[in-house]
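These notes are about the structure you will find just below.
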Amino acid sequence: MIDTKIIKLASDTKNYGLRRKSTHSALEKNKICGDKISIELTVNKTRINSMRYETESCIYCQASASLLSKIIPTLNITNLKKDIIDLNNFLYHKDFQLPKRYKSFKPLIQKKNKSRYQCVMLPFNAL
């Protein structure tokens, strides 16, 4: 059964829908399950100002995209690769702490959701 927290996260569609007014865009597909995500970014030199997305995906990917689109203005482009490594460490190392800026992802990034990890990470991979 899917946790109601995840359903609530996925249903927040404030940044859902592409506008075709971006500086960058990407399409990513999960080869394992077929989930797809399209993202549009408005970027300056060191920051991503905004993110819009559309998905054909499971609820885990939808929730992850919604959360990421909300926190994206607080993230530094140069730190994103390190952040993805940190998120991997949180999942695979029991004593690793989730970085504070990703605390909202905690319902998604849990050992019980380990089989859905690629779904959760698809929006990050599109970045």
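The values are calculated or read from the model by the stated rules, or taken from the named source; none is laboratory data. Everything numeric here is computed off the predicted structure, so don't read it as measured data. For neighbour counting, all protein chains shown are included, and Cβ atoms are generated from backbone atoms with ideal geometry for every residue, glycine included.
Things to note:
- Screening Asn89 against (1) within 14 Å of Met121 (Cα to Cα); (2) touching a helix residue (DSSP H, G or I) at 6+ places or on another chain (Cβ under 7 Å); (3) at pLDDT below 95 leaves a single unmet condition, (2).
- Residues that are among the basic types (Lys, Arg) and modelled with pLDDT under 90, drawn from region 1-49: Arg20, Lys21, Lys45, Arg47
- Helices (runs of 4 or more DSSP H) fully within region 1-109 counting 2 or more residues that are free of Cβ contacts under 8 Å to residues at least 40 places away in the same chain and exposed (fewer than 15 other Cβ atoms within 10 Å of the Cβ): 4-11, 80-92
- Yes/no for Leu41 being of a type in the set (A, V, I, L, M, F, W, C) and in contact with a strand residue (DSSP E or B) (Cβ under 7 Å, 6 or more places away or on another chain): yes
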